[in-house]
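One structure is given here, and the rest of the page talks about it.
Readers should treat all values here as calculations from the given coordinates under stated rules, not as data from a laboratory. All of these numbers come straight from a predicted model, not from anything done at the bench. Here the Cβ positions follow ideal geometry from the backbone for every residue, glycine too, while neighbour counts run over all protein chains shown.
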Amino acid sequence: MTDSTVTYCYAHPTRETSLRCKRCERPMCASCAVRTPTGYLCKECVRAQQKTFDTAEWYDYLTGTGVTIVLSLITSILVAFIGSFIGFFMFFLAAGIGSGAGTLIANLTLRVLNKRRSRALFVACAAGVVLGALPAAILLLLTGNIYGVIGVVIYLVIATPTVYSRISGIQLTR
Ligand SMILES: [Zn+2]
Ligand SMILES: [Zn+2]
């Protein structure tokens, strides 16, 4: 009795398998299959799929990070400035500034990036938010302005994930 439906992995001709790539329909073994949200794919198809999601150019890393650093620098100075006046009330205000500024920074960054995207780029832009706030945070620490420091930290805790989720297209459920 021979089974005509027996197929072998495209990469490992000795391995019998019933698994097929959902995109190109090639038979593949379990070690060649990559699990994705839409089903099992072969490694080539996963790579091809990632390419369409990864459209960032080298200069996007400079402009994207540059924009977030500059905007975060301005925002953190603002937070520090306000914080030195209103002290304790800064805690409430910083969260609002964080989410407002995070949205604004993300929108401007998206415009600069012109819809080009990659995971590394999102991380670089989020890192830019943190880097931009460092000068103000260090200055506030050195001058002993604790309310200012906490204000900047609250701003960062809110703004950084806001920027990351907005530019990467992840919808935060609130
Ligand atoms: Zn495939
Ligand atoms: Zn294989």
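Descriptive notes on the structure:
- C-alpha long axis of helix 146-168 to longest principal axis of the chain, angle in °: 30
- Compared with the alpha-carbon gap, the fully stretched path from residue 127 to residue 18 is longer by 34.8 nm at 0.36 nm per residue.
- Amide H within-cut-off set for residue 24, under 5 Å, with H built and near neighbours excluded: 42
- Remark on residue 11: its backbone amide H falls under 5 Å from those of 29, a criterion applied only to residues 5 or more positions apart or on other chains, H modelled at 1.01 Å from N.
- Segment 7-52: proportion of alpha-carbon pairs further apart than 15 angstrom, %: 33
- Taken along the Cα-to-beta-carbon direction at a fixed 7 Å, the label points for residue 38 and residue 51 span 1.5 nm.
- Ranked packing of 60-70, 6-16, most packed first, by mean Cβ within 10 Å: 60-70, 6-16
- Zone residues, segment 130-153, relative to residue 91, backbone N less than 15 Å from point 7 Å out along Cα-to-Cβ: 146-153
- Cα convex hull of the chain - mean projected area over all directions, nm²: 13.7
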